[in-house]
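Take a look at the structure set out below.
The values are calculated or read from the model by the stated rules, or taken from the named source; none is laboratory data. Here the structure is a predicted model, which is why all the values come from computation and not from measurement. Positions of Cβ are backbone-derived with ideal geometry, glycine not excepted, and every protein chain shown enters the neighbour counts. These accessible areas exclude ligands, DNA and RNA; they are computed on the full protein's heavy atoms, side chains included. Shrake-Rupley method; radii C 1.70, N 1.55, O 1.52, S 1.80 Å.
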Amino acid sequence: MKKHNYSAGPCILPQEVFEKSAQALLNFNNSDLSILEISHRSKDFVAVMEEARNLVLELLGLQNKGYQVLFLAGGASLEFLMVPYNLMKVNGKAAYLETGTWAVNAIKEAKLFGETQIVASSSDSNFNFIPKNYEIPTNADYFHCTSNNTIFGTQMKSFPKTNIPLVCDMSSDIFSRTLDFEQFDLIYAGAQKNMGPAGTTLVVVKEEILGKSGRTIPSMLDYQKHIKAESMYNTPPVFPIYASLLTLQWLKNKGGISAIEQKNQAKATLLYNEIDRNPLFKGTAAVEDRSIMNATFLLHDENHTSIFDKMWKEAGISGLAGHRSVGGYRASMYNALPIESVQVLVDVMQALEKAV
Ligand SMILES: *Cc1c(COP(=O)(O)O)cnc(C)c1O
């Protein structure tokens with residue numbers, strides 16, 4: 001039986017994406033060739049890339065607004081350095097919001113390129129909230145934030161207004177909720193949280209912000225070179241891009257982001273209501289900053305750990321253990337997780353309450 005997969009990433013994808021991907025491994029588009037053996041420059045794959053790019057812009061509402069879409073390799077972590085390489089001027093500076101481990105890693109890379117100002121941080125409280133009311137320096141080359149903190153279960157509900165380019169790591173909540181995506185100048189996201197398998201990273205960038213850093217950028221790290229080559233400067237990760245396209249098609253058929261957002265909201269409400277109601281559990285993130293993608297929670301009494309772990313595993317749940325830096329539990333409820341899986345978890349939490 002299929003597990004109720006709460007893994008934080010790589011994570012659950014729609015079942016039909018698994019099935020269609022499996023089919024393409026054997027016979028892609030009735031070509032009698034596997035997707036793994038065709039040229040990335042073949043007509044069929046160029047069409048995949050084009051459709052994926054267009055679907056990203058369509059779903060985000062960014063068509064004809066000066067944005068370019070890239071599917072790169074290297075993971076979101078490579079964007080931690082590509083962003084400053086492309087956007088931070090020589091002797092310039094960048095501003096960062098420090099809301100979790102991924103932001104810390106992004107800041108570490110930016111420091112290799114120049115002055116990196118942390119405008120606000122929640123590190124003193126193990127990143128259990130999103131700082132607010134900070135000031136963004138107007139003389140920085142860009143401001144970088146993380147929309148959803150996968151490890152700590154916090155999520156930005158609004159984004160600051162600023163006249164400098166706004167860069168956002170949306171790895172773990174892209175395509176999960178409606179936002180005015182036009183407020184961002186550069187969005188990046190590793191595929192493996194909400195878009196597809198690991199191996200490709202989505203970059204959506206407003207073209208006008210590029211080419212201003214005054215740096216000599218190595219070709220493979222240069223957004224403009226990748227744009228010019230339509231994400232085929234070198235061999236792109238063909239299969240992850242194809243599986244991402246299938247996921248984007250699935251999302252569009254489901255009614256797009258606003259439709260999935262309602263489902264995500266319903267799943268999160270169901271689980272957080274139980275975390276708050278059930279006297280055995282407590283949430284670890286500040287209530288107003290709770291993520292609708294990753295819910296982090298603890299057992300009040302650690303003595304209940306082994307029985308709870310046994311119960312959820314027996315119920316067919318997988319991937320519920322919290323990140324080692326937070327402990328406890330983390331329920332990642334990405335787009336493809338059905339609400340029925342959340343109900344199974346809630347039922348187990350209620351059964352634990354009765355059992356102890
Ligand atoms: C997982 C994650 C990353 C790292 O992604 P990789 O593709 O493994 O480099 C970066 N940022 C956020 C918010 C993440 O959730």
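Mean separation of Cα pairs under 8 Å and 6 or more residues apart, divided by the residue count, gives segment 299-356 a relative contact order of 37 percent.
Please state the charge dipole magnitude for segment 185-277, taken about the Cα centre, from unit charges on C-beta atoms (+1 on K and R, -1 on D and E), reported in debye and rounded to the nearest 20.
Dipole of segment 185-277, to the nearest 20 debye: 100 debye.
Beta-bridge orientation, segment 122-187: approximately 25 percent antiparallel, per DSSP, counting only bridges with both partners inside. Over segment 256-355, Cα pairs under 8 Å with separation of 6+ residues give a relative contact order of 33 percent.
Here segment 15-253 has an Rg and Dmax of 18.1, 58 Å, counting Cα atoms alone.
In this Cβ point-charge picture (+1 for Lys and Arg, -1 for Asp and Glu), the chain has a dipole of about 160 debye about its Cα centre.
Pairs of Cα atoms nearer than 8 Å and 6+ residues apart set the relative contact order; for the chain it is 23 percent. Determine the distance separating the Cα centre of segment 3-22 from the Cα centre of segment 284-348; give it in Å without decimals. Each part's Cα centre sits 18 Å from the other's. Report summary: the helix-based calculation at 222 nm, which adds -39500 (n - 2.57) for every DSSP H run with n ≥ 4 and divides by the residues of the chain, gives -11000 deg cm²/dmol. The dipole here belongs to segment 72-115: it is taken about the Cα centre, uses +1 on the Cβ of Lys and Arg and -1 on the Cβ of Asp and Glu, and is about 120 debye. Simple rule: put +1 on each Lys or Arg Cβ and -1 on each Asp or Glu Cβ in the chain, find the dipole, and look at GLN63, ILE35, ILE118; the Cα lying farthest toward the positive end is ILE118. The orientation-averaged shadow of the Cα convex hull for segment 291-356, equal to a quarter of the hull surface, comes to 4.6 nm². For segment 105-188, applying the loop criterion from DSSP together with a ceiling of 11 other beta carbons within 10 Å to the trypsin sites (Lys or Arg not before Pro) yields LYS161. Each residue was assigned an accessible area with a 1.4 Å probe, and for GLU51 the value is about 80 Å².
From the alpha carbon centroid of segment 68-123 to that of segment 196-228 is 14 Å.
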